[in-house]
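For reference, the structure is listed below as structure tokens.
The values are calculated or read from the model by the stated rules, or taken from the named source; none is laboratory data. Since we're looking at a predicted model, the values are computed, not measured. Cβ placement follows ideal geometry from the backbone for every residue including glycine, while neighbour counts extend to all protein chains displayed. Surface areas here come from the heavy atoms of the whole protein model, side chains and all, with no ligands, DNA or RNA. Shrake-Rupley method; radii C 1.70, N 1.55, O 1.52, S 1.80 Å.
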Amino acid sequence: MSADVTKTLERIEADNVKFVRLQFSDIQGLPKNVAIPAWQAEKALTEGISFDGSSIEGFARIEESDMVLKPDISTYALLPWRREECPVARFICDVHMPDGTPFEGDPRYILKKALAEAKEMGYTFNTGPELEFFLFKLDEEGMPTIVPQDRGSYFDLAPTDLAEDVRSEIVLALTDMGFEIEASHHEVAESQHEIDFKYGDALKTADNVITFKYATKSIALQNGLNATFMAKPKSGICGSGMHVNASLFRDGENVFYDPEAPLQLSETALHFIAGVLEHAKSITRIANPTVNSYKRLVPGYEAPVYVSWSAQNRTALVRVPSPRGKSTRMELRSPDPTCNPYLTFAAILAAGLDGIKKQLVPPAGVNQNIFEMTDEERSRSHIDTLPGDLITANRHLLEDTLICNTLGSHVIDGLNSIAQMEWDSFRTAVHPWEIEQYLTRF
């Protein structure tokens, strides 16, 4: 037994942990877990814990369903909201086959592979996501509604922002779990909020996204609210995004920064941006994975619609925020928080590295409001449009060899199956809008 395992077991005992949650994610990025009593922790940390993967979305067929969860020791954390009633700890796990090989459908493994390719090129990939979410009231039976919990707007304070205490509780819990929180505030729409945490290595950041959503939903429920990361829960208001800030480092230095270059952006940064733009339509299927995601990606709100980039313009798909030096980064503004962060970060990285390898050059940056441009003006500026629905985005993904190879056939087949089933279910459903428009007219 290694020294790290011994130290971790001692910590579990010192924390008086009663149960350990072995957490992993399915293909859609939804957290799953197997709970074990604390006395089983040694087995989990040395041998792994077997489970049946046949019922996990996008995992395995029933004839090859035996899998093993192997905890990542570095992800150990107590669940702060469970501390008083019964101390519970969690590990984020990698999924393996019984013979010890990594499971090719494990989203965490796919991101690890992409990061390994970046490392071979001498790069470390950092990401900093900005997650938005809504807090809605529950009904008398405890079921979720879309009734706002407050009437606040951007950066409002109490008493207008009634969720200030809930946000503070979430921030404190995440801090206890090792997050470095940078800011929290009320967002544009009623009952919409954002909590930002510090950027870091993409694998750790993806782990943090899953933990962030899990913690937020758990603490909201304890306060009689439902936290939803749905992209567009109500029409006529801003949807929730998950802007992804991304940068490459080498030997501790940000390779996107060049103080002598125009905009102080290195050629590497421009190649990376060009690669992301080149693969933007297929990335959309990963970063915006539900039918509802495309209700957010429409003109008139803050979400991007057009394939473009700018050093300032917030209507562009890719923006380069003003800080330079080690903070130099590109911001992809299309992803929403329903995405699987492991797959999304892997796709962004693969596209950016492809741009570097091929030395792609981005088109001219667009500094005017793209939403206010005419179709002719956008055409002259060679500004393309993101897919307008899930099935179109899925088609672009299937046609993109690079992203398909990055995610692997197992995940691509799973994503394709999910998209086809969800689209068929959506297009054959009778929407209340249709009843309102046609029932009495015809």
- Relative contact order computed over the chain (Cα-Cα under 8 Å; 6+ residues apart), in percent: 15
- Query: Of all accessible surface on the stretch 87-157 at a 1.4 Å probe, what whole percent is carbon and sulfur?
  - Reply: 53
- Query: In the stretch 173-328, with Lys and Arg counted as +1 and Asp and Glu as -1 at Cβ, which of these residues, 222, 291, 322, has the Cα nearest the positive end of the dipole, that is, farthest along it?
  - Reply: 291
- Charge sum, other residues only, whose C-beta stays under 11 Å from residue 319's C-beta, Lys/Arg counted +1 and Asp/Glu -1: +2
- Output ³J(HN,Hα) for the stretch 249-262: one whole-Hz value per residue in order, computed from phi by the Karplus curve 6.51 cos²θ - 1.76 cosθ + 1.60 with θ = phi - 60°, and x for Gly and Pro. 10, 9, 6, x, 10, 6, 7, 7, 9, 9, x, 8, 8, x
- Looking at 266, 100, 166, which one has the Cα that reaches farthest to the positive end of the dipole of the chain (charges on Cβ: Lys, Arg +1; Asp, Glu -1)? 266
- Message: Sort 135-148, 69-82, 348-361 by the packing proxy (mean of other Cβ within 10 Å over each peptide's residues), most packed first.
- Response: 348-361, 69-82, 135-148
- Item | Segments 165-177, 268-280 sorted - mean Cβ within 10 Å per residue, highest first | 268-280, 165-177
- Using the Cα centre as the reference, give the magnitude of the dipole from point charges on the C-beta atoms of the chain (Lys, Arg: +1; Asp, Glu: -1; all else neutral), rounded to the nearest 20 debye. 400
- Message: So if I take the centroid of the Cα atoms in the stretch 313-383 and the same for the stretch 5-56, what is the distance between those two points in Å?
- Response: 38
- Shape call for the stretch 180-225, from the Cα gyration tensor axes a ≥ b ≥ c (a/c under 1.5 means rounded, otherwise prolate when a/b beats b/c, else oblate), comes out oblate
- Query: Along the positive direction of the dipole of the chain (beta-carbon charges: Lys, Arg +1; Asp, Glu -1; about the Cα centre), which of 48, 205, 390 reaches farthest?
  - Reply: 390
- Message: So if I take the alpha carbon set of the stretch 240-397, get Rg, then get Rh from the Kirkwood formula, what is the Rg over Rh ratio?
- Response: 0.95
- Note on the structure: Computed over the chain, protein heavy atoms only, probe 1.4 angstrom, the accessible area per residue in square angstrom equals 46
- Note on the structure: Using a 1.4 Å probe on heavy atoms of the protein chains only, the accessible area for residue 427 in Å², nearest 10, reads 150
- Query: the stretch 320-406: which GluC sites (Glu not before Pro) are DSSP loop and have at most 13 other beta-carbon atoms within 10 angstrom?
  - Reply: 399
- Message: Tell me the net charge near residue 281. Cut-off is 13 Å between Cβ atoms, residue 281 excluded, with +1 for each Lys or Arg and -1 for each Asp or Glu.
- Response: -3
- Message: Sort 96-106, 406-416 by packing, meaning the average of other beta carbons within 10 Å per residue, with the highest value first.
- Response: 406-416, 96-106
- Straight-distance crosslink candidates among aspartates and glutamates, where the alpha carbon sits under 17 Å from residue 358 and sequence neighbours closer than 8 are dropped: 117, 120, 267, 278, 400
- Message: I want the local charge near residue 264. Using Cβ-Cβ distances under 11 Å, sum +1 for each Lys or Arg and -1 for each Asp or Glu among the other residues.
- Response: -1
- Item | Overall form of the chain per C-alpha gyration tensor (a/c, 1.5; a/b vs b/c) | rounded
- Message: A 26 angstrom limit on the alpha carbon distance is what I want to check against. Which of 113/234; 119/198; 70/112; 232/357; 32/119 exceed it?
- Response: 113/234; 232/357; 32/119
